[in-house]
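K.L.:
Below: one structure in structure tokens.
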Amino acid sequence: MTTTATGLLPEPFRALEPWVTDWALATREERYQKRLSKTIDELQAFYDAIAPLAEDAIAYLDTRDVHALSDQDTRLLHLLYSMIMTSYPVNIFKQPRIPDSGAAYFDTAVEPAL
């Protein structure tokens, strides 16, 4: 987690601003690499910070045009994507990597389009 800068997220979600630098990442590959670079305790801290606000963040973003999101709204969306990326390691695997997967690696060729 890094220091906070104000105005990075919509007002109701400003408590999540300390997580923006590390976790508001634009691509699945960046989020996956960030997940692998963190300890399970770091993943847990991020997940614990965002999970209580996730339903409200989704409801908030549902009121916006996905094709015309502001920078603040886009960062919030990217934080939600990162929460999803960390949910299985935190809640199921209890470690950043998939257990017993050895050197296996999942890669995508194209990011989903909005």
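The values are calculated or read from the model by the stated rules, or taken from the named source; none is laboratory data. Since we're looking at a predicted model, the values are computed, not measured. Cβ placement follows ideal geometry from the backbone for every residue including glycine, while neighbour counts extend to all protein chains displayed. For accessibility, only protein heavy atoms count, side chains too; no ligands or nucleic acids. Shrake-Rupley method; radii C 1.70, N 1.55, O 1.52, S 1.80 Å.
K.L.:
Quick one: ranking Thr39, Thr74 by accessible area, 1.4 Å probe, largest first, what do you get?
P.N.:
Putting Thr39, Thr74 in descending order of accessible area: Thr39, Thr74.
K.L.:
Pop out the ³J(HN,Hα) list for region 23-38 in order, Karplus 6.51 cos²θ - 1.76 cosθ + 1.60 with θ = phi - 60°, rounded to Hz; leave Gly and Pro as x.
P.N.:
Values per residue, Gly and Pro as x: 10, 7, 9, 6, 10, 4, 4, 4, 5, 5, 4, 5, 4, 5, 7, 9 Hz.
K.L.:
Considering only protein heavy atoms and a probe of 1.4 Å, how much of the accessible area of region 12-92 is carbon and sulfur, as a whole percent?
P.N.:
It is 54 percent, rounded to a whole number.
K.L.:
Roll a 1.4 Å probe over the protein chains and send me the accessible area per residue for region 12-92 in Å².
P.N.:
Solvent-accessible surface per residue comes out at 50 Å².
K.L.:
Given a cut-off of under 8 Å on Cα pairs at least six residues apart, what relative contact order in percent is computed for region 12-92?
P.N.:
Relative contact order comes out at 51 percent.
K.L.:
While we're here: Work out the P(r) tail for region 1-70: percent of alpha carbon pairs separated by more than 16 Å, whole number.
P.N.:
55
K.L.:
Please state the charge dipole magnitude for region 12-92, taken about the Cα centre, from unit charges on C-beta atoms (+1 on K and R, -1 on D and E), reported in debye and rounded to the nearest 20.
P.N.:
That gives region 12-92 a dipole magnitude of about 200 debye.
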